[in-house]
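The values are calculated or read from the model by the stated rules, or taken from the named source; none is laboratory data. As the structure is a prediction and not an experimental result, all values here were calculated from the model. Heads up, the Cβs are rebuilt from the backbone with ideal geometry, glycines too, and the neighbour counts pull from every protein chain shown. When the accessible area is computed, the model is the full protein with side chains, heavy atoms only, and any ligands, DNA or RNA have been set aside. Shrake-Rupley method; radii C 1.70, N 1.55, O 1.52, S 1.80 Å.
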Amino acid sequence: MPIDIQNDDLATALKKLKAREDTLRKLEAVSKLGSWEIDLKTHLSTWSDMSYELYGISKETPLNLELFFSLLLPKYREEAQEILQNAIKSGKSISYECEAMHSSGKIINLFINGQVIYDKDGEPHKLLGTTQNISEQVSTKAQAEELSELIEYSSNEIYIISLDTLGYLYVNRGACDALGYTKDELLQMNVKDINPHLKDEDILRLRSLVNTKNYALNRSIHLRKDATQYHVQSYLHTITYKQQESIVLFDTDISETIELELQHKKQAKVLEYIHDSVVSTDKNGIITHWNRGSTTLFGYQPQEIVGKSIAKIYDKENEYTFEEIFFLLNNQGKLDIEAYMLKQNSNRILCDMSLSVSKDEYDNVDGYIGYLRDITAYKKTQELLQQQTLQLQKQAHYDTLTDLPNRTLFKDRLSQTIISSKRNNEKFALFFIDLDQFKQINDSLGHHIGDKVLIEAARRLQSTIREEDTLARLGGDEFTIILKNLQDVSSISIVANKIINVMKEPININNHNLYVTASIGVSIYPDDATTQDNLIKYSDVAMYKAKDAGRNTFRYYSSDMTSQAFERVVLESSLRMAIKEEQFIVYYQPQFDTRTEKIMGMEALIRWEHPTLGIISPINFIPIAEETGLIIEIDRLVMRLAMQQFVTWYEKGFIPGVLSLNLAMKQLNEADFLTYLLDTMQSINFKTEWLELEVTEGQVMKNPEASILKLNKIHSLGIEVAIDDFGTGYSSLAYLKKLPLDKLKIDREFVKDIPQDEDDMAITKAIIALGKSLNLKLIAEGVETQEQKDFLIANGCELIQGYFYSPPLPSNEIEKLFYKI
């Protein structure tokens, strides 16, 4: 309500004034308009609430003219001060657009209006004004300008036409450039002027579409100013432009697309009439094209099959699913395979298929194309021709007893599996299987029973594997399995345990329940090896590990085995075979008494007579034999052979003296050693006084207390005990005194450098003195020269062994050294 100066009292007038002020403040908030006044003499300012809010500053902030200028961006401050000074001088109102810094750090756009108020003396007194935040309006204007510029300079042709007259209301530069007209020229034209093939019925159709849907798509041909033509695709949309109903058109030159479409139509026509089947699908395998050759081959008319899945004509029994074929095509781009297809009458035909991908304009796969040719008859002819070849090949590639692949075919299959696994990034396992206890069955019951066992073993092994896996017989009781396409390595142990379980069941042949178990070694491609030879070697190595573990089990080859470890394992397996086949022979090195120059004994030394490598020195296999425990069997073999030879010599009238045998501590620790020793001696009439057992100093000192007890038992039988290699270990004299020794053997290490090495001479003298103080006989080994012999005799060692007298010799050569009683 207005203030009535005549009738309102002061309270009423103030109340009305307050109401008007509240209304003003609300209007300020709605319009984001802040009011203010500045005393031009004191520079102190008064702001409305909205003025504070516009700048985001606290109402407690001291206000003055300098604060206002400080809030403006630096580039506006000088100009603002100048405008104020001009307004004070001229008395004109201020309208000024600028930018200021909000307390949040955000730049805001402001529109400032102001008016200078003068006092009664005509002096500038106050500056009253308003400030409005116009950031949104400025942003909207900038966006509109950017959009307008984008439209104007777009490479597409953009037009706005009147819906009534079809005349051009706006054309962008892209349109002018495409058509060759100026903007003014085009604005004097209508749609028909540049679309010579546009008919009235086309215009009616397009008008109807945009009236009902507000948009339409259309293809047409534009006519340039130079009379050339080109194809465009138009997108039409209704808009209001300059207060009249209009249509905006976005036109794109599609001349190249039209040319490609024409080429594709020609190609499609050629494909339609060629003899072979040509089938196209989308990327999901839905048939999109079916030519006449496809109808001839399969029997389906296009309307019966287009839109259906390719699976309708693809045999599910093929090696690859269509999903797998699509996967390969996506990765390789093309694929040539043979596959079985199904005709409309359900007949199955074999087709040669050449497949490739089709791609969209973004180089993305959008479908597949296949060229198919029926090769069923051709394949049948090929099969007939191959049958005879296969029959001959079978004889060369299959085991006649078990009908399993033989070694030749196995190696070929292994080679092919390596190739396919490498190509498909797959794993496979190679099993090397040896039948335990088979030799005993074959030797005791005969080969005819052994053959039946092998046939049954092959049948059982075959039952544990899949059709795609390969079971082969390498020979004897050795089989191999190629376990293909491993999805999970744990499946290896499942198959291995299946084999172990089926093999341990009794085999009944001619009313005999025979028990045969399997030891299995496994190598894995590519984890352990990638070559054929290494995979076979490593699975063989692992099989012997299974044998060592007690048989009737399986072991993996450990890929971290070094080549040295592998050689040791191979040597170990060869050692086992050598023990079985008794490939060992005994050499004898005579021991002489220098006082009589006669033989007083011989040391039995083992030699390995390998069938292909010849004589192998014990230094190359004894350490492995000791580690694996095979030394026990080797020691017993040497013991039996040497004792038998000594008995033979004594029976012939020769005097070989005492037989010195090296005794491994593992042998000594065997519970049945003494029983075996005595039984062997008794069975061949070997006398205890003919025997001396040598133990090495190092082995004795590993457990001297136990050694003393065991050697005492041997010594009590009348068998002499000697310490071999004395001086190389760390003997305790206290234990040495307790051992039941008869002889010390001076190691060759101390003898070989006499008389050049004074240290060796001093050590040898000390050993001789020690032996004599313990009343032990002394013998020096490794004596090769007269000087060494003379030194030893001079210091009290009369017994000598070494090349000075004789190297180790086989039994027939030793006999030449004997003299008869």
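So the values come out like this:
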read-out	value
Members of the stretch 458-472 found to be within 15 Å of F428 (Cβ to Cβ) and of a type in the set (G, A, S), listed by number	A472
Residue that is farthest from the chain's Cα centre (by Cα), among those in the stretch 671-716 that are in a loop (DSSP other than H, G, I, E, B) and at pLDDT below 90	D672
Search result, residues across the stretch 783-794 that are crowded, with 18+ Cβ neighbours inside 10 Å and of a type outside the set (V, I, T)	Q788, K789, F791, L792
Candidate set: the stretch 391-423, residues that are acidic (D, E) and in a loop (DSSP other than H, G, I, E, B); chosen: the one least open to solvent (accessible area, probe 1.4 Å)	D399
Residue match in the stretch 192-215 (condition: touching a strand residue (DSSP E or B) at 6+ places or on another chain (Cβ under 7 Å), open to solvent by 90 Å² or more (accessible area, probe 1.4 Å), assigned to a strand (DSSP E or B) and at pLDDT below 90)	yes
Scope the stretch 216-228; condition touching a Leu at 6+ places or on another chain (Cβ under 8 Å), surrounded by fewer than 15 Cβ atoms within 10 Å (Cβ to Cβ) and within 15 Å of P196 (Cα to Cα); matching residues	R224, K225
Checking Q388 against (1) farther than 23 Å from E505 by Cβ; (2) open to solvent by less than 100 Å² (accessible area, probe 1.4 Å); (3) free of Cβ contacts under 8 Å to residues at least 40 places away in the same chain, the condition it does not meet	(2)
Residue match in the stretch 257-275 (condition: at pLDDT below 90, of a type in the set (D, E) and closer than 26 Å to I221 by Cα)	yes
Candidate set from the stretch 168-186 (those that are open to solvent by 20 Å² or more (accessible area, probe 1.4 Å) and small (G, A, S)); member that is modelled with the highest pLDDT	G180
Number of the condition not met by H43 [criteria: (1) in contact with a strand residue (DSSP E or B) (Cβ under 6 Å, 6 or more places away or on another chain); (2) open to solvent by 80 Å² or more (accessible area, probe 1.4 Å); (3) at pLDDT below 90; (4) not aliphatic (A, V, I, L, M)]	(2)
Residue match in the stretch 147-167 (condition: more than 23 Å from T238 (Cβ to Cβ), polar (S, T, N, Q) and surrounded by fewer than 17 Cβ atoms within 10 Å (Cβ to Cβ))	yes
Pairs with Cβ under 7 Å, 6+ apart, first in the stretch 461-484 and within 20 Å of K394 (Cα to Cα) and modelled with pLDDT of 95 or more, second of a type in the set (G, A, S) and not in a helix (DSSP H, G or I)	F479/A472; T480/A472
Subset tally (residues that are touching an Asp or Glu at 6+ places or on another chain (Cβ under 8 Å) and of a type outside the set (A, V, I, L, M, F, W, C)) for the stretch 618-643	1
Among residues of the stretch 404-423, those that are free of Cβ contacts under 8 Å to residues at least 24 places away in the same chain and charged (D, E, K, R), counted	2
Within the stretch 580-624, considering residues that are among the aliphatic types (A, V, I, L, M) and under 51 Å from the mean Cα position of the chain (by Cα), the one nearest to I719 (Cα to Cα)	I606
Set E383, E317: member being open to solvent by 50 Å² or more (accessible area, probe 1.4 Å), touching a strand residue (DSSP E or B) at 6+ places or on another chain (Cβ under 9 Å) and not hydroxyl-bearing (S, T, Y)	E317
Positions within the stretch 644-688 being buried (at least 18 other Cβ atoms within 10 Å of the Cβ), over 22 Å from A625 (Cα atoms) and of a type in the set (F, W, Y), in sequence order	F646, W649, F654, F686
Per-region count, the stretch 329-373, residues surrounded by fewer than 14 Cβ atoms within 10 Å (Cβ to Cβ), touching a residue at least 12 places away in the same chain (Cβ under 8 Å) and assigned to a loop (DSSP other than H, G, I, E, B)	2
Test result for E582, open to solvent by 20 Å² or more (accessible area, probe 1.4 Å) and either closer than 23 Å to P704 by Cα or not hydrophobic (A, V, I, L, M, F, W, C) (or both)	yes
Matching option when the condition is in contact with a helix residue (DSSP H, G or I) (Cβ under 9 Å, 6 or more places away or on another chain), crowded, with 18+ Cβ neighbours inside 10 Å and not in a strand (DSSP E or B), among I492, I536, I524, I482	I536
Some residue of the stretch 307-323 being assigned to a strand (DSSP E or B) and either among the basic types (K, R) or at pLDDT 90 or above (or both)	yes
Per-region count, the stretch 782-808, residues within 25 Å of R607 (Cβ to Cβ) and in contact (Cβ under 8 Å) with a residue 40 or more places away in the chain	8
Selection count where residues are assigned to a helix (DSSP H, G or I) and open to solvent by less than 40 Å² (accessible area, probe 1.4 Å), scope the stretch 128-141	1
All positions within the stretch 95-108 that are in contact with a helix residue (DSSP H, G or I) (Cβ under 9 Å, 6 or more places away or on another chain), part of a loop (DSSP other than H, G, I, E, B) and not hydroxyl-bearing (S, T, Y)	H102, K106
Matching residues, the stretch 731-759, being modelled with pLDDT of 90 or more, surrounded by fewer than 20 Cβ atoms within 10 Å (Cβ to Cβ) and either closer than 24 Å to A706 by Cβ or in contact with a helix residue (DSSP H, G or I) (Cβ under 6 Å, 6 or more places away or on another chain) (or both)	D742, D753, P755
Selected residue (criterion: surrounded by the fewest Cβ atoms within 10 Å (Cβ to Cβ)) from residues of the stretch 424-456 that are part of a helix (DSSP H, G or I) and touching a helix residue (DSSP H, G or I) at 6+ places or on another chain (Cβ under 7 Å)	I449
Residue among K15, K92 that alone is assigned to a loop (DSSP other than H, G, I, E, B) and either open to solvent by 40 Å² or more (accessible area, probe 1.4 Å) or modelled with pLDDT of 85 or more (or both)	K92
